[in-house]
Structure formats: structure tokens, C-alpha cells
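Below you'll find the structure, written out as C-alpha cells, and then a few comments.
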Amino acid sequence: MATDKVVETVIAGSYVEMETEGQPKTMKSRLSKFLWDGGSVYDAWFSCASNQVAQVLLTLPYSFSQLGMLSGIIFQLFYGLLGSYTAYLISILYVEYRTRKEREKVDFRNHVIQWFEVLDGLLGKHWRNVGLAFNCTFLLFGSVIQLIACASNIYYINDNLDKRTWTYIFGACCATTVFVPSFKNYRIWSFLGLVMTTYTSWYLTIASLLHGQVEGVKHSGPTKLVLYFTGATNILYTFGGHAVTVEIMHAMWKPQKFKAIYLLATLYVLTLTLPSAISVYWAFGDMLLNHSNAFALLPRSPLRDMAVVLMLIHQAILTRLIIIIMMQFITFGFACTPLYFVWEKAIGMHECKSLCKRAAARLPVVVPIWFLAIIFPFFGPINSTVGSLLVSFTVYIIPALAHILTFRSATARENAVEQPPKFLGRWAGIYSINVFVVVWVFIVGFGFGGWASMINFVHQIDTFGLFTKCYQCPPPAGPLPIPVSPPPPHHGHHLLHNSSLTAPPPSHHHLHSP
């Protein structure tokens, strides 16, 4: 018991708190702590909630058009629960690893623990290499997706520039993320990011309900297995954003309190994703199959432009016509910061105390992200592909298998820092759930999901091509033809010109099925 108490004290302690204890508090230090030096349970909750949904919020109506209303709701609830469970497993493995290392007097004062190091310490170098490969590749494409989302969103405010040009601009702007040292320094951005996402979600919900259903709306889904499993893996990706769980935990003052945080964050996120996806799909139906970004179907208005700007603040740099202000965006930074850590460790710069030197060393990480976003600008389909091929292993399969193997012996289970709770059935129950997660995600997420997502992704390449200038953009409007006779009166003509929430009829000649 005495040993356990000592270990608990070490785990609960914060190096920063221990170093600053007893020092006089100046106005500068108080302001810095308020805006910059986060590490509380609330900071972790804001980080998990704001990072979890991000731009995927705009693609969930597209997924509903592929899945149908009922399946869309069920998959959101199911994968939300599954994602929270595997985040719990990761937190248990992190605490186990850190406790063992700190018993050996290892000091993490200037070192950020990452998921591949947890796997290395608990299961050996082969697991480290597998975890590193999957995690880095996922985070790389996660950052790529954020750039694609930024370009797609800003296009709906200013279409004078095509999406590829906006990607060039945002790629340069997002390089400013190199100046944020660690996840502990995302306090104010995490809070603002969640506020922005909340506004956008409720804008989509209310605007769609006020708009009403388009004339002749159809809700055909699901119609094809390819579309069905593509939509399902996009939702798997939505609730699989905890590839940065270990880094968020390490930034906490008391990381053992993380266990319930991800579940609470997921419950809040469901209050955003379900209403917005349901209402947009209800209003536009099958039209969403050709518009993976929900903003594309809602008419331009000050409220919609505000939602677009807030999502941009959440993702990258605030840009409107020109770059007005350079602001760090939470989602790109969250996806990219772990890659910065890996790169720093590879070149021996991780424990350097000079912020400028570390920032300069991080810049090469941004270049391949920028380049890949220009090659594959397929907003929506790329989410499903990354979800099936990378998230399925990084977030679901590897944590479940790692937990099984770490505690496979009776000695390991007996000496575990944290015992499984009774409501999960103790060790027998948690092993059964782990096996279910591995089998389900491997067959449905990676197997069927990978098959469907790759077919859809290849179809995007065949339809639009690599380096496409403006993915799913309407062609430039030509001169209007002179009518031979006056057009007949249209029932919706008055509403079209007098309601800011009524969408113009779609130009079907430029739409492509995914």
C-alpha cells in the first residue's frame, strides 16, 4: 500500500507545479497561466471535444446521404461509444507505462510521452514500430485533411480564387503551428475552438430547418454497399480522433483523471453532430451525394459566412479575401504537433529549450502535408479512406490488442496500477470487449470499409484527376441566353429572391456522383 501511495503521488504531481511552488505570482505569470499554461481536467475536456469533431462536422450530412437516416444515427452512437472505450484503454496503458518508468526514476520534465513510446515500454520495439508507422501516417493525413477543409470552406466565402489556390495560401499560414510548444499551450485555443464548432453546428441545424426541404427531395440511402460502408467509415473516423490522446494526457497535471474525459467529450459532441447531420440531410436528401461539404448547399448569407469563418479559425488561419489576421487553429495544430514531437526526437531537438530553434526544425514536417493536400483535394472521400486504412488500426485495433497483451499474465493483472471497473466485468469483461473491438473493426471498418473507401477514392481520381484545381466546384457562369419567350411563373420565384435561407436550385450539369 505504501508503494502505491508513493507512485500515486508521482503520477499526480506536475513538474511545472513543483517548480513554481512558492514563487511569487506576478500579473504576467497569472495572465500566462490563464491563456497559455493549461493542464487541468477542463483543458483536457476542451481539447478532446474541440479536436474530435472539427471539419468532419461538415461531412456527416454527406455520410447520412450514403447510409440513410437510421443507420447514420446508429453508427454515430455506436462509434462514439467504441471510440470512448478505446480512449479509456489508451489512458490505462499510458498510466501503466508512466508509473513503471517513474518507479525507475525516469524524468519526463522536458520530454513528451507519445503513444509509440508507451507501446515500446510495455510490449517492445516491434509494437513501437507498428504504432509509430500507423500513428504518424494517420496524423500526416489528418493534417492534410485540415488543409483541404480550409480551402473548401473559404471557397464558399470567396470563389474568386479556386480551392487549389486557397490550399497554397493555407499551407503557408498553417506553418505557424510550429511556434506552439506542446498541448499544454492550447488552453485558450481549445476553448475557442469548441465555441466555434458549437456555433457552426447549430447554424447548420437551424438554417436547414428554416430552409425546409428542397422541392422533390429524396432520401434514397442506402442504395449501394460501396456508399454504405464509405459513410460508415467516415463516422468511424469522426470518433477516432484520439491519436493524440497520450499527448493530451501528458499535458495534464493529473493524467490519471483522464479516464472519463473522452466519454464526456463524446457525449457533448453528439449534441452537435446528430442535430446538424439529421437536419441537413432532411432538408437536402440525395443532393448531398454530390456535395461532401454541407456549406455548399446552404445559400450565402452573413450567418453562413460567419460559420465558415469560425470553422476556418478552428482549422487554420483566418482568411477572408486577404489574410486579415494570423491565428493558430486548433485542429491543424492538434494533428501536426505530435508529428513535430516525433521529428524533434528523430533529429535530437526535442529537449531543446529554444522555441525559435525548435520552430525552425519543425518546418520540414509541413511541406509534405501541403503537397499531399494539393494532390488529393477530395474533401469527404479522403476522410473515409483514412478512417478505414489508418484510424481502424491506430485508434481501435492496436489499443485493444495492446491492452490484451500487456495484461495477459496473472502477475501483470495483479500488479496493474488500475484495475478494470466492476461495471465492465473486471478482467474477463474487458477482455471480451477488446476481442469484439478487434474483430468488428477489422472486418467492418478495415475490411468492408477499406474496400468501399478505396473504390470511392479511385473513382474521385478517375472523375476529377490528381491536382484538380477546384474539386466539386461549379463551372464559371457564361453569358445568359436570351429567352425566346417570357418564362412561366415559378412557384418558388418570390421566395428565391426574398429569403436569405432559400438555396438556389442546383446546377445538375456539373454534379458528379462520388
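Regarding segment 281-290, can at least one residue be identified that is modelled with pLDDT of 80 or more, in contact with a Gly (Cβ under 8 Å, 6 or more places away or on another chain) and open to solvent by less than 10 Å² (accessible area, probe 1.4 Å)? Yes, some residue in segment 281-290 is modelled with pLDDT of 80 or more, in contact with a Gly (Cβ under 8 Å, 6 or more places away or on another chain) and open to solvent by less than 10 Å² (accessible area, probe 1.4 Å).
Mind checking whether some residue in segment 87-99 is farther than 19 Å from residue 268 by Cβ and not in a helix (DSSP H, G or I)?
So in segment 87-99, the residues farther than 19 Å from residue 268 by Cβ come out as 89-90, 92-99.
Cutting the leftovers down to not in a helix (DSSP H, G or I) gives us none.
No; the residues of segment 87-99 include none that is farther than 19 Å from residue 268 by Cβ and not in a helix (DSSP H, G or I).
Pairing residues of segment 356-367 that are open to solvent by 30 Å² or more (accessible area, probe 1.4 Å) with residues that are of a type in the set (Asp, Glu), at Cβ distances under 8 Å and at least 6 apart in sequence or on separate chains, gives 358/344. Identify, by number, the condition in (1) within 19 Å of the chain's Cα centre (by Cα); (2) surrounded by fewer than 22 Cβ atoms within 10 Å (Cβ to Cβ); (3) modelled with pLDDT under 80 that residue 381 doesn't meet. Unmet for residue 381, out of (1) within 19 Å of the chain's Cα centre (by Cα); (2) surrounded by fewer than 22 Cβ atoms within 10 Å (Cβ to Cβ); (3) modelled with pLDDT under 80: (2). Scanning segment 421-428 for residues that are out of contact with any Pro (no Cβ under 9 Å at 6 or more places or on another chain), modelled with pLDDT of 85 or more, assigned to a loop (DSSP other than H, G, I, E, B) and open to solvent by less than 80 Å² (accessible area, probe 1.4 Å) turns up at least one hit.
Here is a yes/no grid of residues against (1) small (Gly, Ala, Ser); (2) in contact with a Lys or Arg (Cβ under 7 Å, 6 or more places away or on another chain); (3) buried (at least 16 other Cβ atoms within 10 Å of the Cβ):
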{"residue": "139", "(1), (2), (3)": "no, no, yes"}
{"residue": "169", "(1), (2), (3)": "no, no, yes"}
{"residue": "178", "(1), (2), (3)": "no, yes, yes"}
{"residue": "185", "(1), (2), (3)": "no, no, yes"}
{"residue": "195", "(1), (2), (3)": "no, no, no"}
{"residue": "212", "(1), (2), (3)": "yes, no, no"}
{"residue": "229", "(1), (2), (3)": "no, no, yes"}
{"residue": "233", "(1), (2), (3)": "no, no, yes"}
{"residue": "236", "(1), (2), (3)": "no, no, yes"}
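Of all the listed residues (208, 143, 190, 201), the sole one being open to solvent by less than 30 Å² (accessible area, probe 1.4 Å) and over 29 Å from residue 40 (Cβ atoms) is 208.
Inspect all residues belonging to segment 457-464 and state whether any of them is more than 28 Å from residue 163 (Cα to Cα), open to solvent by less than 70 Å² (accessible area, probe 1.4 Å) and under 22 Å from the mean Cα position of the chain (by Cα). Among the residues of segment 457-464, not one is more than 28 Å from residue 163 (Cα to Cα), open to solvent by less than 70 Å² (accessible area, probe 1.4 Å) and under 22 Å from the mean Cα position of the chain (by Cα), which makes the answer no.
Hey, can you tell me all the residues within segment 384-415 that are open to solvent by less than 10 Å² (accessible area, probe 1.4 Å) and either modelled with pLDDT under 85 or under 30 Å from residue 291 (Cβ atoms) (or both)? Matches in segment 384-415: 384, 386, 387, 388, 391, 392, 394, 395, 396. Scanning segment 245-277 for residues that are over 20 Å from the mean Cα position of the chain (by Cα) and surrounded by fewer than 21 Cβ atoms within 10 Å (Cβ to Cβ), we see that the one that is nearest to residue 205 (Cα to Cα) is 257. Restricting the first residue to segment 45-73 and requiring it to be farther than 28 Å from residue 224 by Cβ, which pairs with a second residue that is open to solvent by 10 Å² or more (accessible area, probe 1.4 Å) and not in a helix (DSSP H, G or I) meet a Cβ separation below 6 Å and a spacing of at least six or different chains? Listed by first residue and then by second, the contacts come to 51/241; 52/241.
Exactly one residue out of 124, 142, 83 is at positive phi and either out of contact with any helix residue (DSSP H, G or I) (no Cβ under 6 Å at 6 or more places or on another chain) or at pLDDT below 90 (or both): that is 124.
The values are calculated or read from the model by the stated rules, or taken from the named source; none is laboratory data. Since the structure is predicted, the reported quantities are computational estimates derived from the model, not experimental observations. As a convention, Cβ positions derive from the backbone with ideal geometry for all residues, glycine included, and neighbour counts pool all protein chains shown. When the accessible area is computed, the model is the full protein with side chains, heavy atoms only, and any ligands, DNA or RNA have been set aside. Shrake-Rupley method; radii C 1.70, N 1.55, O 1.52, S 1.80 Å.
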